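Input: a single structure, listed below in structure tokens.
The values are calculated or read from the model by the stated rules, or taken from the named source; none is laboratory data. What you see is a predicted model, and the numbers here were worked out from it, not measured in a lab. Cβ: placed from backbone, ideal geometry, glycine included. Neighbour counts: every protein chain shown.
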Amino acid sequence: MPPSESERRRGVRRVPQPDETLARARLRTGRELAVINISPCGALVEGATRLLPGTHADVHIVTRHGRTLVRTRIVRCFVSHLQADVVFYRTGLAFETNIDTEAEGYPVPAESRAIAGGQGNPYPESELQNHI
């Protein structure tokens, strides 16, 4: 099968670091989900909540710009693993609007990075330093 037919994702996914805010999501109803991978237009999440394919859910996601409530369509859901008292599901979410899923931190323009590597100018001598 050609790669274009086997790959159905609309965006490049990445795995968030465990300490990133994007590593967790919360359903509007309060249930927490672990984010397995994420892109601007969708995510694969895992949790103890079974979400039915074809339905919609509102999900709170914290990006580097703050918390966002995004409407999602449940694309797929399957049992990922079992414990004695709980069933965990992996769920594919398609976001109705794209969100920012860049790594945390503020973007730094290339011009600023070039300037930051330079030596700069020293602080001028102050009159107070001369009297100390």
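Some notes on this structure:
- Cβ separations smaller than 7 Å between residues 6+ apart or across chains give the following pairs from the range 27-38 residues that are touching a residue at least 40 places away in the same chain (Cβ under 8 Å) to residues that are assigned to a loop (DSSP other than H, G, I, E, B) and of a type outside the set (A, V, I, L, M): Ile38/Arg13; Ile38/Pro16; Ile38/Thr101.
- Close pairs (8 angstrom Cβ cut-off, 6 or more residues apart or separate chains): at pLDDT 95 or above and surrounded by 13 or more Cβ atoms within 10 Å (Cβ to Cβ) in the range 74-89, of a type in the set (A, V, I, L, M) and in a loop (DSSP other than H, G, I, E, B) anywhere: Ile74/Leu51; Ile74/Leu52; Cys77/Leu51; Cys77/Leu52; Phe88/Ala48; Tyr89/Ala48; Tyr89/Leu51
- Failed condition for Ala43, given (1) over 13 Å from Ala94 (Cβ atoms); (2) under 16 Å from the mean Cα position of the chain (by Cα); (3) surrounded by 13 or more Cβ atoms within 10 Å (Cβ to Cβ): (1)
- Scope the range 22-40; condition touching a Lys or Arg at 6+ places or on another chain (Cβ under 8 Å) and surrounded by 14 or more Cβ atoms within 10 Å (Cβ to Cβ); matching residues: Leu33, Ala34, Val35, Ile36, Asn37, Ile38, Ser39
- Screening Gly11 against (1) of a type outside the set (Asp, Glu); (2) at pLDDT below 95; (3) closer than 21 Å to Phe78 by Cα leaves a single unmet condition, (3).
- Entry remark, the range 31-46: residues being farther than 22 Å from Leu82 by Cα and of a type in the set (Gly, Ala, Ser) number 2 in total.
- Total residues in the range 47-72 satisfying the condition of being of a type outside the set (Gly, Ala, Ser) and either part of a loop (DSSP other than H, G, I, E, B) or surrounded by fewer than 16 Cβ atoms within 10 Å (Cβ to Cβ) (or both): the figure is 14.
- Verdict on Pro16 being over 19 Å from Glu102 (Cβ atoms), assigned to a loop (DSSP other than H, G, I, E, B) and at pLDDT 90 or above: no
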